[in-house]
1. Identify the single condition in (1) surrounded by fewer than 12 Cβ atoms within 10 Å (Cβ to Cβ); (2) within 27 Å of residue 38 (Cβ to Cβ); (3) modelled with pLDDT under 80 that residue 103 does not satisfy, given that it satisfies every other one.
2. So in region 37-73, with the set limited to residues that are surrounded by fewer than 16 Cβ atoms within 10 Å (Cβ to Cβ) and at pLDDT 90 or above, which one is nearest to residue 104 (Cα to Cα)?
């Protein structure tokens, strides 16, 4: 007997072929692409927000942590939003992404921000040591580690916008 292929069978077969690793060189994963794009865009924007604040161009800001907007927040928010837009908000993947986003944003604006402030204070103390002190020649600690709440919110907003625009363009 001849097999009859229905429209549902044809569309499910077509979907599996399009998602096979050999057919596409770029991954067709909205949450992954949205997260990486939000990260890259946030890092790129830091050069411009730094210029606006300090009136000087510093391309090193593209690879530094800290600053406006938070690339950590942009990344995890884009991930959570894209998962929610793609799979809905009722599944475990969305729950995991939201919890991850909350932890990362809390850490960025809490622990890492205060660690940076402590590093700034320690650097000031070390600068006051006399030259003969054994710690006077220690390399300064990195001060820009965390984010202010405004930087976290700006990053989260950027991540959400990237996820929505990516979803609408697909």
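The values are calculated or read from the model by the stated rules, or taken from the named source; none is laboratory data. These numbers were taken from a predicted model, which means no experiment stands behind them. Neighbour counts run over all protein chains shown; Cβ positions are idealised from the backbone, glycine included.
1. (3)
2. 40
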